1. Based on what the data block shows, is GLN21 touching a Phe, Trp or Tyr at 6+ places or on another chain (Cβ under 7 Å), in contact (Cβ under 8 Å) with a residue 24 or more places away in the chain, within 28 Å of LEU104 (Cβ to Cβ) and of a type in the set (S, T, N, Q)?
2. Identify, by number, the condition in (1) in a strand (DSSP E or B); (2) under 15 Å from ASP22 (Cα atoms) that GLY62 doesn't meet.
3. Among residues belonging to region 1-10 that are in contact (Cβ under 8 Å) with a residue 24 or more places away in the chain and more than 20 Å from LYS72 (Cα to Cα), point out the one that is surrounded by the most Cβ atoms within 10 Å (Cβ to Cβ).
4. Looking at GLY14, GLY62, can you tell me which residue is in contact (Cβ under 8 Å) with a residue 12 or more places away in the chain and surrounded by 19 or more Cβ atoms within 10 Å (Cβ to Cβ)?
5. Among the residues of region 95-129, count how many are surrounded by fewer than 10 Cβ atoms within 10 Å (Cβ to Cβ), modelled with pLDDT of 70 or more and under 28 Å from GLY62 (Cα atoms).
Amino acid sequence: MPSITEAVSFSSHGVLPAIVQDYDTGEVIVFGYVNPEALERTAETGLTHLYNRQEKDLKPYGEDSGRVQHVKSIHLSKDSDSILIKVTQSFPPDQPRPRSKFNLRWLPESSSWIEESDRGFTPRDAESE
């Protein structure tokens, strides 16, 4: 049986962009990268593994926070140069369900970023105003 990595086109840096999406809501949870080992471990374990380019390390996403992602499906782009991982997440009982990391929306008509969550994030430009 062919390996999951045989069909994909990793970049010259040996990584592949990965979008992680909530299986039930369709919300984008995180954008990251996988290298061949991370993609293979994701397929083998059923848990999302992302490659940290700065630390050159990989581990199951959310392992430290207890927000583990259980893979429902992996989708390969038409050009084989990116993947979409659809997941369900498990959370520690004492933690609320986190919002997407994509919590700002650009509105061209007003030329501004609008915050879409209560996470307290303020863009740098807004802080100086």
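The values are calculated or read from the model by the stated rules, or taken from the named source; none is laboratory data. Please read these numbers as outputs of a predicted model, since none were measured by experiment. Cβ: placed from backbone, ideal geometry, glycine included. Neighbour counts: every protein chain shown.
1. Numbers: touching a Phe, Trp or Tyr at 6+ places or on another chain (Cβ under 7 Å): no; in contact (Cβ under 8 Å) with a residue 24 or more places away in the chain: yes; within 28 Å of LEU104 (Cβ to Cβ): yes; of a type in the set (S, T, N, Q): yes.
The answer is no for GLN21.
2. It is condition (1) that GLY62 fails.
3. Our first condition is that a residue be in contact (Cβ under 8 Å) with a residue 24 or more places away in the chain; within region 1-10, this holds for 3-5, 7-10.
Applying the additional criterion that residues be more than 20 Å from LYS72 (Cα to Cα) yields 9-10.
Details: SER9: 11, PHE10: 16.
Checking each candidate, the answer is PHE10.
4. Numbers: GLY14 fails: surrounded by 19 or more Cβ atoms within 10 Å (Cβ to Cβ).
Of the residues listed, the single one that is in contact (Cβ under 8 Å) with a residue 12 or more places away in the chain and surrounded by 19 or more Cβ atoms within 10 Å (Cβ to Cβ) is GLY62.
5. Residues flagged as surrounded by fewer than 10 Cβ atoms within 10 Å (Cβ to Cβ), modelled with pLDDT of 70 or more and under 28 Å from GLY62 (Cα atoms) within region 95-129 amount to 1.
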